[in-house]
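This report refers to the structure that appears directly beneath it.
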Amino acid sequence: MDVSILDQTQLIEGESSESEFNKTVALAQYLDELGYTRYWLSEHHSTDALAGSAPEVLASYLLAKTTNIRVGTGGVMLPHYSAYKVAEMFNVMSALAPGRVDLGVGRAPGGYHLSNIALQSGVIAKRNVDQFPQKLNEIAHYFKNLVPEGSVVKGLQTTPKVSQPAVLWLLGSSIDSAKLAAEQGLPYVFAHFINYEPGAMAEAIELYRRHFKPSATLSNPKVIIAIKTILADTDEQAQMIAKSALHANFYLHRGVLSRLVAPNKALSEIQTDKEWAEIEAIKETYLIGSKLTVAQQLKALQSELAIDEVMTLSPIYDFEARKNSLKLLKAVTDTL
């Protein structure tokens, strides 16, 4: 099974954005050497917890710092932007690093109300949401240096012209996104880390595969699941380092997006049985454990969903522990 990473450039308590971006570069180079398939960057705005507000800029930088790994976005939040501008940005990247660029796009805002307004020059974000399928179709055409039928920009060229344009992926966490990916013949990423309602992932992937229509760029359905994973040499160690992420998730449920805190500080204020039950429920949305434990969990998912690739989010406080977790995950997927 192929394995990739979605890096949210999660900020650590007490550390600067500059420091965390340096770690992102080092991690991309490390995973390039390990043989990871792709390294994607997320888009978030107006938060002190995640630094990745311009994934296309960071992706360009990482392409220059790596050799083999595919690099891209997970994703560009398309409702904010011109489809033509996005296509041209990624054509430039593809000219600089042929055959290594992915463009994952999503319809979520990647932020809150004020950042949505600011990104769309004062236009209320909701007004543009329904343009997403149209913009997605436009990008697919622009990558072929075409314009959609009936377009008002007939004769438009997408520059620079490239021999290997970026691969367009649709990101989603619902049956609506699954249907859209199937209709447009695009590879699909289900964001399990966003929608971990029981059965939601299986329903979306089954629908996508059943309704998939082959396209000029993809003859058969292709699925990635994006899921949080935390591995260590033992189950006990993995449970310990997972506390930082569980702490962040607990407060995210309360509308607070927070930096990662050290495992020995995380969850120290959790007291009631109801709160601990919530923590245990959050754990069920992760893959946490040793190689053996996570291998068993991934085998079960692979058997149930026939997934082609797993994309990890690994919110781990200590950088060396994070590298070790990702190394162990690569060892697991090599056996599947």
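Note on region 168-183: among residues that are in contact with a strand residue (DSSP E or B) (Cβ under 7 Å, 6 or more places away or on another chain) and closer than 15 Å to Lys135 by Cβ, the one that is most open to solvent (accessible area, probe 1.4 Å) is Leu171.
Scanning region 3-62 for residues that are open to solvent by 10 Å² or more (accessible area, probe 1.4 Å) and touching a Pro at 6+ places or on another chain (Cβ under 6 Å) returns a single hit, Gln10. Somewhere in region 47-64, is a residue on the phi > 0 side of the Ramachandran plot and not small (Gly, Ala, Ser)? Within region 47-64 (the criterion being on the phi > 0 side of the Ramachandran plot and not small (Gly, Ala, Ser)), the answer is no, since none of the residues qualifies.
For (1) touching a Phe, Trp or Tyr at 6+ places or on another chain (Cβ under 8 Å); (2) among the small types (Gly, Ala, Ser); (3) at pLDDT below 90, each residue gets a yes or a no:
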position: Asn68; (1), (2), (3): no, no, no
position: Met89; (1), (2), (3): no, no, no
position: Leu96; (1), (2), (3): no, no, no
position: Gly99; (1), (2), (3): no, yes, no
position: Leu103; (1), (2), (3): yes, no, no
position: Gly110; (1), (2), (3): no, yes, yes
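The conditions of being touching a strand residue (DSSP E or B) at 6+ places or on another chain (Cβ under 9 Å) and among the β-branched types (Val, Ile, Thr) are met by Val294.
Flag: Leu171 matches the condition of being under 18 Å from the mean Cα position of the chain (by Cα) and in contact (Cβ under 8 Å) with a residue 60 or more places away in the chain.
Please identify the pairs in which a residue from region 84-97 that is without any contact (Cβ under 8 Å) to a residue 40 or more places away in the chain has its Cβ atom under 6 Å from the Cβ atom of a residue that is in a helix (DSSP H, G or I), counting only partners at least 6 apart or on another chain. Short answer, once both residue conditions are applied: Met89/Glu56; Ala97/Leu63. Among the helices (runs of 4 or more DSSP H) confined to region 239-329, the ones with at least 1 residues that are open to solvent by 20 Å² or more (accessible area, probe 1.4 Å) and among the acidic types (Asp, Glu) are located at 273-283, 291-305.
Looking only at region 6-39, count every residue that is aliphatic (A, V, I, L, M) and under 18 Å from the mean Cα position of the chain (by Cα) and tell me the total.
As a first pass, look at region 6-39 and keep what is aliphatic (A, V, I, L, M): 6, 11-12, 25-28, 31, 34.
Restricting the remaining residues to those that are under 18 Å from the mean Cα position of the chain (by Cα) gives 6, 11, 25, 27-28, 31.
Number of matching residues: 6.
Applying the condition of being out of contact with any Pro (no Cβ under 8 Å at 6 or more places or on another chain) and open to solvent by 60 Å² or more (accessible area, probe 1.4 Å) to region 136-149 and asking which residue is nearest to Leu218 (Cα to Cα) yields Leu146. Under the condition of being touching a helix residue (DSSP H, G or I) at 6+ places or on another chain (Cβ under 9 Å) and not β-branched (Val, Ile, Thr), which residue from region 150-167 is most open to solvent (accessible area, probe 1.4 Å)? Looking at the filtered set, the residue picked out is Lys161.
Residues in region 157-209 that are among the hydroxyl-bearing types (Ser, Thr, Tyr) and within 15 Å of Leu103 (Cβ to Cβ): how many? So that I can check it myself, show each step before the final result.
At the first step, the residues of region 157-209 found to be among the hydroxyl-bearing types (Ser, Thr, Tyr) are 158-159, 163, 173-174, 177, 188, 196, 208.
If we keep only those that are within 15 Å of Leu103 (Cβ to Cβ) too, we end up with 158, 188.
Qualifying residue count, region 157-209: 2.
The values are calculated or read from the model by the stated rules, or taken from the named source; none is laboratory data. Just so it is clear, the model here is predicted, and its values are computed rather than measured. Neighbour counts are summed over all protein chains in view; Cβ atoms, including those assigned to glycine, are modelled from backbone coordinates with ideal geometry. For accessibility, only protein heavy atoms count, side chains too; no ligands or nucleic acids. Shrake-Rupley method; radii C 1.70, N 1.55, O 1.52, S 1.80 Å.
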